1. Figure the gain on full extension for residue 69 and residue 88 (residue separation times 0.36 nm, minus the Cα-Cα span) and round it to one decimal in nm.
2. At a Förster radius of 25 Å, what calculated FRET efficiency corresponds to the Cβ-Cβ distance of residue 57 and residue 77, to the nearest 0.05?
3. Let me know the charge dipole size of the chain about its Cα centre in debye, to the nearest 20, where only the beta-carbon of Lys, Arg (+1) and Asp, Glu (-1) is charged.
4. What's the exposure ranking of 10, 58, going from fewest to most Cβ atoms within 10 Å?
5. For the chain, what are the per-bin percents of Cα-Cα distances with bins 10 Å wide, up to the bin holding the maximum?
6. Select from the stretch 1-89 those GluC sites (Glu not before Pro) which occupy a DSSP coil region and have at most 15 other Cβ atoms within 10 Å, ordered by residue number.
7. Quick one: if you stick a label point 7 Å off each Cα along the C-beta vector at residue 27 and residue 8, how many nm between them?
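Values quoted throughout were computed directly from the atomic coordinates according to the rules given, and no laboratory measurement underlies them. Note that this is a predicted model, so its numbers are computed, not measured. Glycine gets a Cβ as well: all are built from the backbone with ideal geometry, and neighbour counts include every protein chain shown.
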Amino acid sequence: MRCVIARFPFDLTRSGVLESMEGVMPEPVTGESVIIGRRTYPVKQVGGVITRQDRRDFSIGEVVRAMTRLGFTCVGLPQSVAPTHTLSPFQRASAMLGSPLSG
């Protein structure tokens, strides 16, 4: 399958990806991941191995699209890990000081 990752064309096959990832130990998964064989790898690790490019050069979406088209299972960020609400610096300071401006 022909795909473009970081503006470079690649001819990827399922067997080629399996072969490239053989013997590669997965790094800890903290975000999106792809299941290859019996192992779960971070998407950026897989992209780096199969393209031999710096991980900063391609996006997670490019690799996820390619892996999905090749039939690999891609797993998104779990909802429990995604931040639901972030306080602004002012809100954090007010909470720490006991909201002196609310009186």
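1. So the chain would gain 2.9 nm between residue 69 and residue 88.
2. With a Förster radius of 25 Å, E is 0.70.
3. 120
4. Ranking 10, 58 by Cβ neighbours within 10 Å, fewest first, gives 10, 58.
5. Calculated over all Cα pairs of the chain, the distribution is 14, 39, 19, 11, 11, 6, 1 percent.
6. For GluC sites (Glu not before Pro) across the stretch 1-89 that sit outside H, G, I, E and B with at most 15 neighbouring Cβ atoms in 10 Å, the list reads 22.
7. 1.7
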